[in-house]
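Novice: The structure that follows is given in the form of structure tokens.
No value in this document is a laboratory result; all are computed from the given coordinates. If you're wondering where the values come from, they're calculated on a predicted model, not measured in any experiment.
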Amino acid sequence: MDGLGIFSPRRRVRLHHLEDEEVVSVALTTTLAAGEPVVALTPTPDGDATRIHAAIDIAAPAAAIWSIMTDCAREVRFVPGLESCRVLERDPAGRWDIRAHEISWVRFLPRIRSVFRADYDPPKRLRFHRISGTLTRNEGEWRLTALPKSGTKGGTKGGTRVSYDAVTEVSVPVPDFMVEAALKRDIATVLRRLKRECQNDARN
């Protein structure tokens, strides 16, 4: 993950077995209801970048999740490989900031440096886009949506759905199967760790 934008290597990463959209929809709903993340990767039409869709349901209010995911100092706790997060510039009104990330993604590759701007609409939406760095393309958004409570047995218990949508591109000398495995693992890890941070805060 790169700066509230999950790091994605270039192209060729595809989501498999989407022939039956109804089956996929049921599977995703079931996974989210169980508290697990869902991650879908598809190539952009030009084939040069990867579009990422990911989500997780967290039993916490949006404001609590927002305070964690926008805290530069806490990002290293839930972003795999993130070694440093620095705020380079900040809007006095708190509507945006510019951040720099240093990421160690694969041991035998150079560190990834990313400078990006994040625009805030608290506690609902965080949009980001690349300014400079290793990633040649990096743009997208996080959305926090309140989940309705259900009075039926097995229904939802309320909370917040955290959704992530982004398009990223970078060239790295890594085989496709390694890229896909690492990317899916890291995105899921980000969401699980974010959920864990929220649970820890709720207990304290």
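Novice: Please list 3J(HN,Hα) in residue order for the range 122-129, calculated via the Karplus relation 6.51 cos²θ - 1.76 cosθ + 1.60 where θ = phi - 60°; whole Hz, with x for glycine and proline.
Specialist: With coefficients 6.51, -1.76 and 1.60, one gets x, x, 10, 8, 10, 9, 9, 8 Hz.
Novice: Taking 0.36 nm per residue of sequence separation and subtracting the Cα-Cα distance, how much length would be gained by fully extending the chain between ARG196 and ASP48, in nm to one decimal?
Specialist: Values: separation 148, 0.36 × 148 = 53.28 nm, distance 3.37 nm.
That pair, ARG196 and ASP48, stretches by 49.9 nm at full extension.
Novice: For the range 26-74, compute Rh as the Kirkwood radius over C-alpha pairs and then the Stokes-Einstein diffusion coefficient at 4 °C and 1.567 mPa s; write the answer in µm²/s, rounded to an integer. Spell out each step's value before the answer.
Specialist: Values: Rh = 13.1 Å.
The diffusion coefficient I find is 99 µm²/s.
Novice: How much length is gained on full extension from LEU28 to ARG161, taking 0.36 nm per residue of separation minus their Cα-Cα distance? Kindly include the intermediate steps, with their values, before the conclusion.
Specialist: Details: separation 133, 0.36 × 133 = 47.88 nm, distance 1.28 nm.
That pair, LEU28 and ARG161, stretches by 46.6 nm at full extension.
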